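Asks: Sharing a structure, written as structure tokens. Questions coming.
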Amino acid sequence: MDTGSDLIWVQSQKCQQCHSQFDPIFDPTRSSSYTEIPCESSACDGLNGKKDCDHKGSCSYRASYGDRSESKGTLVFKTIVFGDVRILNMAIGCGYTKKGTFSHQAGTMGFGAGPLSLVYEIPVGGFFSYCLPSRDSQMIGLGVEGIRLPIFEDIFHLTESGDGGVIMDSGTTMSGFPKVAYEAFHDAFIAQTIDIPRALGVDLFDTCFSQPNTIVMPSVSFHFWSDM
């Protein structure tokens with residue numbers, strides 16, 4: 001479930017570059033409702049510029065995420081069943097290639113605000129609910145081992161023009177901070193781990209450790225403010 005993106009997609013048996021998953025992989029040849037969506041379809045237009053056409057004239061998608069992971073494939077119509085409810089002609093992606101970290105997930109279910117989001121594809125009027133801190137809450141800082149770091153709160157604030165702020169993204173596998181905040185956080189974290197052997201960085205991760213046994217890492221805290 002991804003609150004930061006729109007598209008619903010699953011890995012397909014046509015996959016050329018896939019990750020292992022716990023659930024059985026989707027086999028289009030066993031689906032009676034599987035229909036590839038043509039490029040000129042309004043559903044394809046719902047990809048908001050992240051579309052292409054394959055050699056058959058079918059709509060291709062590219063779903064990119066904040067941690068640089070990505071899925072590519074074909075947009076198709078499928079009948080999707082939720083309990084006793086059948087949703088006909090729901091537009092979903094059948095993934096053929098991917099890069100990045102998806103753990104053992106079969107795919108991603110987008111809960112964003114776009115037309116291909118699950119929220120808009122099922123007949124609930126474009127609404128759903130989940131519990132998060134108040135909209136008036138703001139992130140104001142970071143801490144390591146119970147000590148709040150000397151970071152200006154303005155770094156995390158949302159401006160009147162819509163810049164800045166913090167996204168609560170359930171589909172991204174790691175947290176990201178502005179450079180100034182990250183450097184302060186990084187330095188404080190390293191200061192608490194001087195006795196743990198370091199390892200070379202991997203992909204996006206520049207602070208890695210080499211330890212064969214279980215280790216206790218410093219605690220990390222996120223600081224929020226609310227006038228409620």
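The values are calculated or read from the model by the stated rules, or taken from the named source; none is laboratory data. Keep in mind that this is a model prediction, so the values were computed, not measured. Glycine also receives a Cβ, built like all others from the backbone with ideal geometry; neighbour counts cover every protein chain displayed. Just the protein is used for accessible areas: all its heavy atoms, side chains included, with ligands, DNA and RNA removed. Shrake-Rupley method; radii C 1.70, N 1.55, O 1.52, S 1.80 Å.
Asks: If we keep just the residues of the range 34-56 that are open to solvent by less than 30 Å² (accessible area, probe 1.4 Å) and more than 25 Å from the chain's Cα centre (by Cα), which is farthest from Leu204 (Cα to Cα)?
Replies: For the range 34-56, the residue satisfying everything is Ser41.
Asks: Now a separate question. For residues that are assigned to a loop (DSSP other than H, G, I, E, B) and among the β-branched types (Val, Ile, Thr), scanning just the range 201-226, find the one that is least open to solvent (accessible area, probe 1.4 Å). Quick ask: steps written out before the conclusion?
Replies: First, the residues of the range 201-226 that are assigned to a loop (DSSP other than H, G, I, E, B): 201, 203-204, 206-207, 210-219, 226.
Now restrict to residues that are among the β-branched types (Val, Ile, Thr): 207, 214-216.
Details: Thr207: 35, Thr214: 139, Ile215: 58, Val216: 132 Å².
Taking the candidates together, the pick is Thr207.
Asks: Can you name the residue in the range 9-24 that is among the hydrophobic types (A, V, I, L, M, F, W, C) and surrounded by 16 or more Cβ atoms within 10 Å (Cβ to Cβ) and is also nearest to Leu116 (Cα to Cα) among such residues?
Replies: Applying the first criterion (among the hydrophobic types (A, V, I, L, M, F, W, C)) to the range 9-24 yields 9-10, 15, 18, 22.
Retained after the next criterion (residues that are surrounded by 16 or more Cβ atoms within 10 Å (Cβ to Cβ)): 9-10, 15, 18.
Details: Trp9: 10, Val10: 14, Cys15: 22, Cys18: 23 Å.
Selected residue: Trp9.
Asks: Output the residue which, of all residues in the range 163-180 that are more than 16 Å from Ser221 (Cα to Cα) and touching a helix residue (DSSP H, G or I) at 6+ places or on another chain (Cβ under 9 Å), is least open to solvent (accessible area, probe 1.4 Å).
Replies: Initially, the range 163-180 is screened for residues more than 16 Å from Ser221 (Cα to Cα), giving 163-165, 167, 169-173, 178-180.
After this cut, where a residue has to be touching a helix residue (DSSP H, G or I) at 6+ places or on another chain (Cβ under 9 Å) as well, the list is 164-165, 178, 180.
Values: Gly164: 58, Gly165: 32, Pro178: 57, Val180: 97 Å².
Looking at the filtered set, the residue picked out is Gly165.
Asks: Next up: Residues of the range 181-200 being part of a loop (DSSP other than H, G, I, E, B), free of Cβ contacts under 8 Å to residues at least 12 places away in the same chain and under 30 Å from Glu153 (Cβ atoms), which ones?
Replies: Step one: list which residues in the range 181-200 are part of a loop (DSSP other than H, G, I, E, B), which gives 192-197, 200.
Within this subset, residues satisfying the condition of being free of Cβ contacts under 8 Å to residues at least 12 places away in the same chain are 194-195, 200.
Passing the criteria: only Ile194.
Asks: Further question on the same structure: When the range 101-115 is examined, which residues are found to be of a type in the set (A, V, I, L, M, F, W, C) and open to solvent by less than 70 Å² (accessible area, probe 1.4 Å)? Working first, answer last.
Replies: Initially, the range 101-115 is screened for residues of a type in the set (A, V, I, L, M, F, W, C), giving 102, 106, 109, 111, 113.
The answer is Phe102, Ala106, Met109, Phe111.
Asks: The conditions are (1) open to solvent by less than 50 Å² (accessible area, probe 1.4 Å); (2) under 30 Å from Met109 (Cα atoms), and Ala184 fails exactly one of them. Which is it?
Replies: Among (1) open to solvent by less than 50 Å² (accessible area, probe 1.4 Å); (2) under 30 Å from Met109 (Cα atoms), the lone unmet condition for Ala184 is (2).
Asks: Could you tell me which numbered condition Gly141 fails, if it satisfies all but one of (1) modelled with pLDDT under 85; (2) in contact with a His (Cβ under 6 Å, 6 or more places away or on another chain); (3) not hydroxyl-bearing (Ser, Thr, Tyr)?
Replies: Condition (1) is where Gly141 drops out.
Asks: Could you look through the range 113-135, keep only residues that are modelled with pLDDT of 80 or more and not hydrophobic (A, V, I, L, M, F, W, C), and pick out the one that is nearest to Ile8 (Cα to Cα)?
Replies: Among them, the one singled out is Ser117.
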